[in-house]
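Please read the structure below before turning to the comments.
The values are calculated or read from the model by the stated rules, or taken from the named source; none is laboratory data. Note that the structure is a prediction, hence the values are computed from the model and not measured. Methodologically, a virtual Cβ is constructed for each residue, glycine included, from the backbone with ideal geometry; neighbour enumeration extends over all protein chains shown. Ligands, DNA and RNA are excluded from the accessible area calculation, which covers all protein heavy atoms including side chains. Shrake-Rupley method; radii C 1.70, N 1.55, O 1.52, S 1.80 Å.
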Amino acid sequence: MTRGSGAAAPAPEVSVLVPIYNVERYLERCLTSLVGQTYDDFEAICINDGSTDGSRAIIQRFLDADSRFRVIDKENSGYGASMNRGLDAARGRYVAILESDDFFEPDALAVLHEAAEMNQAEVVKANFYLYWSRPEERRELFRVVDEVEAGHVLRPLDDLAVFFRKPSIWSALYRRDFLVDDGIRFLETPGASYQDSGFNFKVWASARRVAFLAAPVLNYRQDNEGSSVNNPGKVFCVCDEYASMEEFVRARGSADERRLLAILQRMKLDSYLWNYDRLAPELRPAFVARAAEEFSGALERGEVDLALFEPAAEADLRAMVADPAAFCVERDAAASAGAAGALRRYLRMGGPALVARVLWFRLFGRSERRIDAQGAAL
């Protein structure tokens with residue numbers, strides 16, 4: 001059910017989607033950052049995913065005080081289902097996303113909207129801050145937009161680095177008709193597991209005009225213990241998300257299909273290794289076995305472009321496919337020994353030649369992906 005006095009008002013320019021589930025500790029600051037926007041032609045759609053804490057009462061205070069706020073109350077069914085409900089309810093020409101434990105900079109919507117209009121962009125993408133409230137308040141700039149992109153309008157397929165940055169769907173503005181026309185929605189799996197990755201990829205795969213901004217527009221909270229980034233239990237959710245991305249590409253049948261599938265395989269390796277490292281040791285062998293099967297099939301179909309794989313990444317891919325069980329043993333042993341352990345592992349995997357290639361690339365190479373180990377722009 002959707003409620004809020006703004007529901008009968010004229011359609012706003014921007015719809016801000018705020019997915020909410022048991023975030024009473026942070027929600028006030030999130031919603032207050034919307035009230036304080038210098039740009040005011042927006043609606044805030046709060047999607048309450050069956051919260052059992054005080055979140056709904058906080059939402060109600062904003063509903064009562066500001067006609068721009070609306071609420072969708074639904075039974076708990078996960079992040080993807082919540083976001084799709086929000087997309088269906090949105091009335092604005094543009095859509096923004098604000099996670100309920102994050103908060104906007106005061107001029108966020110103004111900056112994003114101005115860039116969208118000025119550049120006739122389907123998407124505007126901006127930088128953001130990493131934010132900590134404990135032990136003392138601090139923030140650091142996180143760049144998902146680099147100097148090659150900042151201030152320019154690009155088609156993502158003309159700059160593949162865009163695909164490999166940390167998914168950050170909330171430091172952006174999307175034209176709603178673009179999302180609708182290209183069928184860009186969220187995969188509805190339980191919990192909040194990697195759905196931002198799928199949405200992010202579908203946007204970059206489809207967009208023709210993206211305006212990139214160096215300005216940071218959002219504070220991305222790092223100290224929320226309830227965040228899914230700290231939950232190691234969702235073993236195969238990442239596999240489901242990548243299967244959905246591949247299905248999206250194949251269903252379109254575009255001239256870029258082969259290129260997009262190759263990008264996906266390189267993205268997948270990073271995501272799968274990150275997921276692997278979060279899993280409890282006893283869950284890792286089954287996950288790697290499935291990953292190895294997927295990569296083996298992609299290699300056989302010619303969907304892997306090794307030019308996108310740095311020497312260490314190519315070695316990981318080949319080792320995983322060749323012997324999943326040994327891959328687990330070797331990776332776990334190396335992880336406990338730091339950088340020296342990683343080099344010893346590469347020595348066992350490919351001898352001195354592989355170690356030399358890995359070291360040379362780390363010192364002098366430049367990846368087409370242009371990212372650091374955290375997924376930020378170099």
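Would you work out the Kirkwood radius for the chain? I mean one over the mean of 1/r across all pairs of different Cα atoms, in Å. Could you put the intermediate results ahead of the total?
Working: mean 1/r = 0.0458 Å⁻¹.
By the Kirkwood definition, the hydrodynamic radius is 21.8 Å.
Take the chain, connect every pair of alpha-carbon atoms lying under 10 Å apart with a spring to form a Gaussian network, then pick out the residue of 336, 15, 55 with the largest mean-square fluctuation.
The residue with the greatest mean-square fluctuation here is 336.
In cubic angstrom, how much convex hull volume per residue do the alpha carbon atoms of segment 25-105 span?
Normalising the Cα hull of segment 25-105 by residue number yields 93 Å³.
Which pairs break 19 Å Cα to Cα here: 202/268; 202/234; 74/234; 166/202; 125/234? It would help to have the intermediate numbers written out before the result.
Working: 202/268 14 Å; 202/234 22 Å; 74/234 23 Å; 166/202 14 Å; 125/234 29 Å.
Where the Cα-Cα span goes over 19 Å, the pairs concerned are 202/234; 74/234; 125/234.
Quick one: which residues, 5+ away or cross-chain, put their amide H under 5 Å from the amide H of residue 43? H built at 1.01 Å from N.
Residues meeting the amide H criterion: 14, 15, 16.
At 7 Å along the Cα-to-beta-carbon direction for both residue 372 and residue 290, put a label point, then send me their distance in nm to one decimal.
Going by the 7 Å Cα→Cβ label model, 3.2 nm.
Measure nothing but the geometry: give the 0 to 90° angle between the long axis through the Cα atoms of 338-364 and the longest principal axis through the Cα atoms of the chain, rounded to 10°.
The two axes meet at around 70 degrees.
Which order do 347, 363, 308 take when ranked by solvent-accessible area (1.4 Å probe, heavy atoms of all protein chains), largest first? Before the final figure, lay out each step's value.
On the way: 347 85, 363 130, 308 10 Å².
My answer, sorted largest first, is 363, 347, 308.
Return, for the Cα atoms of segment 106-211, the radius of gyration and Dmax in Å, separated by a comma.
14.6, 45
With the chain treated as a Gaussian network of Cα nodes joined by springs under 10 Å, which of 89, 315, 251 yields the largest mean-square fluctuation?
The residue that fluctuates most here is 251.
Roughly speaking, to the nearest percent, how much of segment 284-334's 1.4 Å accessible area is carbon and sulfur?
On the way: 1210 of 2160 Å².
Reported share for carbon and sulfur atoms: 56 percent.
Using a Gaussian network model of the chain with C-alpha springs under 10 Å, which one of 117, 105, 188 is most mobile by mean-square fluctuation?
117
How much of the DSSP beta bridge set in segment 42-142 is antiparallel, as a percent to the nearest 5?
Values: 5 of 11 bridges.
Around 45 percent antiparallel, to the nearest 5.
Quick check for you: with a 1.4 Å probe and neighbouring chains kept, what is the accessible area per residue of the chain, in Å²?
Details: 16090 Å² over 378 residues.
That works out to 43 Å² for each residue.
By how many degrees, 0 to 90 and rounded to 10, does the Cα axis of helix 284-300 deviate from the longest principal axis of the chain?
That works out to roughly 80 degrees.
Starting from the amide H of residue 279, placed 1.01 Å from N in the peptide plane, find each other amide H under 5 Å away whose residue is 5 or more places distant or on another chain.
Correct list: empty.
When only C-alpha pairs under 8 Å and at least 6 residues apart count, what is the relative contact order of segment 157-295, in percent?
26 percent
Indicate, rounded to the nearest 5 percent, the antiparallel portion of the DSSP beta bridges found entirely in the chain.
On the way: 18 of 43 bridges.
Of the beta bridges lying entirely in the chain, close to 40 percent run antiparallel.
Calculate the dipole size of the chain relative to its Cα centre from +1 charges on Lys and Arg beta carbons and -1 charges on Asp and Glu beta carbons; express the result in debye to the nearest 20.
Values: 47 positive and 58 negative charges, 137 e Å.
The dipole of the chain has a size of about 660 debye.
So what is the relative contact order of segment 317-378, in percent, for Cα pairs below 8 Å that sit 6 or more residues apart?
Numbers: 23 pairs, mean separation 9.3, N = 62.
So the answer I get is 15 percent.
When the helices in the chain are scored as -39500 (n - 2.57) per DSSP H run of 4 or longer and the sum is shared across all residues, what 222 nm value do you end up with, to the nearest 500 deg cm²/dmol? Numbers along the way, then the final one.
On the way: 13 runs with 174 residues, N = 378.
After summing the helix terms and dividing by residue count, I get -14500 deg cm²/dmol.
May I ask you to evaluate 6.51 cos²θ - 1.76 cosθ + 1.60, the Karplus curve with θ = phi - 60°, for each residue of segment 97-109 and list the ³J(HN,Hα) values in order in whole Hz, giving x for glycine and proline?
Couplings: 10, 10, 5, 6, 9, 9, 8, 6, 5, x, 9, 4, 5 Hz.
If one takes the longest principal axis of the Cα atoms in the chain, at what angle in degrees, from 0 to 90 and to the nearest 10, does the Cα axis of helix 237-252 lie?
It works out to around 80 degrees.
Farthest toward the dipole's positive end in the chain, which of 127, 243, 321, given Cβ charges of +1 (Lys, Arg) and -1 (Asp, Glu) about the Cα centre?
321
Only residues of segment 190-212 count here: report those whose backbone N is under 11 Å from the spot 7 Å along Cα→Cβ of residue 240, or say none.
Inside the label zone: 190-195.
List the GluC sites (Glu not before Pro) within segment 10-82 that fall in a DSSP loop (any state other than H, G, I, E or B) and whose Cβ has at most 15 other Cβ atoms within 10 Å. List each step's numbers first, then the result.
Details: sites: 13, 24, 28, 43, 75; in loops: 13, 75.
Those that pass, being in a loop and sparsely packed, are 75.
Could you work out how far apart the two model spin labels at residue 114 and residue 176 are, taking each label as a point 7 Å from the Cα in the direction of the beta carbon, and quote it in nm?
2.4 nm
For residue 283 and residue 329 in the same chain, what is the full-extension length gain: residue separation times 0.36 nm, less their Cα-Cα distance, in nm? Display every interim value, and only then the final one.
Details: separation 46, 0.36 × 46 = 16.56 nm, distance 1.29 nm.
Once the chain is fully extended between residue 283 and residue 329, it gains 15.3 nm.
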